[in-house]
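Written below as structure tokens is the structure these notes are about.
The values are calculated or read from the model by the stated rules, or taken from the named source; none is laboratory data. Small disclaimer: the values here were computed from a predicted structure and weren't measured. Quick reminder, even Gly has a Cβ in these numbers, built from the backbone with ideal geometry, and neighbours come from all protein chains shown.
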Amino acid sequence: MTHTAPPYIAYSSNSIQHAAQFQKLPAIERHAVEIVSKVLPFKANSYVIEELIDWDNFKSDPMFTLIFPQREMLSDDHFSRMEQLVKHNASAQAIAHEVQKIRMELNPHPSAQLRNIPQIDGQPLPGVQHKYRETVLFFPSQGQTCHAYCTFCFRWPQFVGMSDIKFATREIQTFVEYLKAHKEVTDVLFTGGDPMIMKTSILENYIDALLKDDLSHIRTIRIGTKALSYWPYRFTHDPDADDLRRLFERVVKSGRNLFIMAHFNHYRELQPKAQRDATRAILDTGAQIRTQSPVLKHINDDPNVWATMWREQVDQNMIPYYMFVERDTGPKQFFEIPLEHAWNIFREAYQRVSGICRTVRGPVLSATPGKVQVLGVADLAGERVFTLRFLQGRNPDWVARPFFAKHDQGATWLDQLTPAFGDEKFFYQNELNSILGGDSDIDDSISFE
Ligand code: SF4
């Protein structure tokens, strides 16, 4: 490896105004970014700007839409409320007040995730989520940002200072005590934000704590990241990239599995040489890479995009893993796709690839009761229905049981579906209600995984 990282320029919504590529955009586009980014977070870097975005065709470019806020991501009402304040030079305080009001109208799910916070000795462990028996999510404090922000991100409250709903912890020792007491846990997922924003020395502290003999039941460490797309030099050229790969090797040598849960939304992210080099460097450590993305209007709502992406991932020795459904938060109306359409995209893409790519599961909703896969639309007993199954459930006994919902062409999320065949409730509903203490309409939307 060479050890010279290309210059890393971070762009905020203010500094992007000075980037040469951005200045060439029509004024109306720059204005939209200025207004929308007051509400929804914006962040980019030099790699994203120079390598991923096709500036000559920005209007139809999925990477531009993925990173730059668009006018249509806010409702007319929200956009004009912000625009009026800016136009009339409102005070910073007045703008901040309005921004907060609009954000709260965008369903940031302020209390939802609290349901998954585990306890030790009666004390909650903030920054940790234990939703499924085998898998615990860990949100390291220093990993609660990303190299760039995706405009669809359901974790946007993490980035805008709504600290009452922010998950993060430095309490690795308390977490270790929790894991010692929970031998059923086999997998720990480091998530954020993006844990690969952290320096290796910090990540190392967290990971080394899990490699101790008394945690031998932890078999798999996963790291959820978009750094392979947004800053692949993290694995090859950054000053501590060598140390990072040594850390990965150490995990593998300890006998644990190390999975990089890589987030790619479009095959374009898989084309730069820097990304290919980084992928090879990770695989050379013995770590494996699994890939995942939501299906999104304007970005990847095309079977050809998915088939091409999965083929390319397999060519690079990655394992396609999940196609998710976009969640009900932030600018959902801009990206959302009816479940039936998402299933058709999945089905057509799945049909176009060889069996080796068919490790992928989708479309999957990470919803309140668990991860639910839409298996398809069928006509059964004279009724048109969705066939569904759990890939993960709050009760492991729900997993892999087919169940049925009335067909609804416009439904975009599980809570819009009703049971088929005259049933009053889905089979899991009573148990879910008792697990959640009767509060069944919450959506634990923090878990991407
Ligand atoms: S958490 Fe993931 S989806 Fe959200 S901005 Fe960061 S990289 Fe994108």
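Is it true that Ile207 is of a type outside the set (Ser, Thr, Tyr) and either in a helix (DSSP H, G or I) or within 16 Å of the ligand (Cβ to nearest atom) (or both)?
yes
Restricting to segment 306-359, and then to whatever is of a type in the set (Lys, Arg) and at pLDDT 95 or above, can you tell me which residue is nearest to Leu66 (Cα to Cα)?
Checking each candidate, the answer is Arg311.
Enumerate the pairs (first residue in segment 263-279 and touching a residue at least 24 places away in the same chain (Cβ under 8 Å); second residue anywhere and of a type in the set (Asp, Glu) and not in a helix (DSSP H, G or I)) with beta-carbon separation below 9 Å, excluding pairs fewer than 6 apart on the same chain, so at least 6 apart or on different chains.
Within 9 Å, the pairs are His263/Asp194; Arg268/Asp54; Arg268/Asp61.
Quick check on my filter: what residues within segment 246-275 are part of a strand (DSSP E or B), crowded, with 22+ Cβ neighbours inside 10 Å and away from the ligand (no atom under 16 Å from the Cβ)?
Answer for segment 246-275, where residues must be part of a strand (DSSP E or B), crowded, with 22+ Cβ neighbours inside 10 Å and away from the ligand (no atom under 16 Å from the Cβ): just Leu258.
For segment 133-151: of the residues being over 17 Å from the mean Cα position of the chain (by Cα) and at pLDDT 90 or above, which is farthest from Leu52 (Cα to Cα)?
Arg133
Restricting attention to segment 296-308, does a residue exist that is assigned by TED's automatic domain parsing to the domain that holds Phe154, of a type in the set (Gly, Ala, Ser) and over 19 Å from the mean Cα position of the chain (by Cα)?
Looking through segment 296-308, at least one residue is assigned by TED's automatic domain parsing to the domain that holds Phe154, of a type in the set (Gly, Ala, Ser) and over 19 Å from the mean Cα position of the chain (by Cα).
Taking interchain pairs and intrachain pairs at least six residues apart, which have beta carbon atoms under 6 angstrom, with the first residue in segment 226-248 and closer than 16 Å to Leu270 by Cα and assigned by TED's automatic domain parsing to the domain that holds Phe259 and the second of a type in the set (Ser, Thr, Tyr) and within 16 Å of the ligand (Cβ to nearest atom)?
Trp231/Tyr47
Sort through Phe175, Phe154, Phe159 and tell me the only one that's surrounded by 22 or more Cβ atoms within 10 Å (Cβ to Cβ), within 13 Å of the ligand (Cβ to nearest atom) and modelled with pLDDT under 95. First the steps, then the outcome.
Numbers: Phe175 fails: within 13 Å of the ligand (Cβ to nearest atom); Phe159 fails: surrounded by 22 or more Cβ atoms within 10 Å (Cβ to Cβ).
Result: Phe154 is the single residue among Phe175, Phe154, Phe159 that is surrounded by 22 or more Cβ atoms within 10 Å (Cβ to Cβ), within 13 Å of the ligand (Cβ to nearest atom) and modelled with pLDDT under 95.
Looking at Glu34, Glu51, which is the one that is under 19 Å from Ser229 (Cβ atoms) and in a helix (DSSP H, G or I)?
Glu51
Only one of Thr65, Thr4 is outside the structural domain of Asp302 (by TED's automatic domain parsing), assigned to a helix (DSSP H, G or I) and either buried (at least 16 other Cβ atoms within 10 Å of the Cβ) or not small (Gly, Ala, Ser) (or both); which?
Exactly one of Thr65, Thr4 is outside the structural domain of Asp302 (by TED's automatic domain parsing), assigned to a helix (DSSP H, G or I) and either buried (at least 16 other Cβ atoms within 10 Å of the Cβ) or not small (Gly, Ala, Ser) (or both), namely Thr65.
Which residue is nearest to Glu171 (Cα to Cα), if the candidates are limited to segment 189-224 and must be hydroxyl-bearing (Ser, Thr, Tyr) and in contact with a Ser or Thr (Cβ under 9 Å, 6 or more places away or on another chain)?
First, the residues of segment 189-224 that are hydroxyl-bearing (Ser, Thr, Tyr): 191, 200-201, 206, 216, 220.
Those left that are additionally in contact with a Ser or Thr (Cβ under 9 Å, 6 or more places away or on another chain): 191, 220.
Details: Thr191: 15, Thr220: 20 Å.
Per the stated criteria, the residue is Thr191.
Note down all Cβ pairs under 6 Å where the first residue falls in segment 176-203 and is in the same structural domain as Phe139 (by TED's automatic domain parsing), the second is among the small types (Gly, Ala, Ser) and away from the ligand (no atom under 16 Å from the Cβ), and they're at least six residues apart or on different chains.
Cβ pairs passing all conditions: Val176/Ala209.
Residue-wise test of (1) of a type in the set (Lys, Arg); (2) in contact with a strand residue (DSSP E or B) (Cβ under 6 Å, 6 or more places away or on another chain); (3) without any contact (Cβ under 8 Å) to a residue 40 or more places away in the chain; (4) surrounded by fewer than 20 Cβ atoms within 10 Å (Cβ to Cβ).
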{"residue": "Ile299", "(1), (2), (3), (4)": "no, no, no, no"}
{"residue": "Pro303", "(1), (2), (3), (4)": "no, no, no, yes"}
{"residue": "Asn317", "(1), (2), (3), (4)": "no, no, yes, yes"}
{"residue": "Val325", "(1), (2), (3), (4)": "no, yes, no, no"}
{"residue": "Phe335", "(1), (2), (3), (4)": "no, no, no, no"}
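Which of the residues that make up segment 85-101 are of a type outside the set (D, E, K, R) and either touching a Lys or Arg at 6+ places or on another chain (Cβ under 6 Å) or exposed (fewer than 12 other Cβ atoms within 10 Å of the Cβ) (or both)?
His88, Asn89, Ser91, Ala92, Gln93, Val99
In this structure, does Phe79 turn out to be assigned to a loop (DSSP other than H, G, I, E, B) and either in contact with a helix residue (DSSP H, G or I) (Cβ under 7 Å, 6 or more places away or on another chain) or within 16 Å of the ligand (Cβ to nearest atom) (or both)?
no
Does at least one position in segment 374-382 carry a residue that is crowded, with 17+ Cβ neighbours inside 10 Å and of a type outside the set (A, V, I, L, M)?
Within segment 374-382, none of the residues are crowded, with 17+ Cβ neighbours inside 10 Å and of a type outside the set (A, V, I, L, M).
Condition (residue is surrounded by fewer than 16 Cβ atoms within 10 Å (Cβ to Cβ), free of Cβ contacts under 8 Å to residues at least 40 places away in the same chain and at positive phi) applied to segment 406-417: is it met by at least one residue?
No, segment 406-417 has no match at all.
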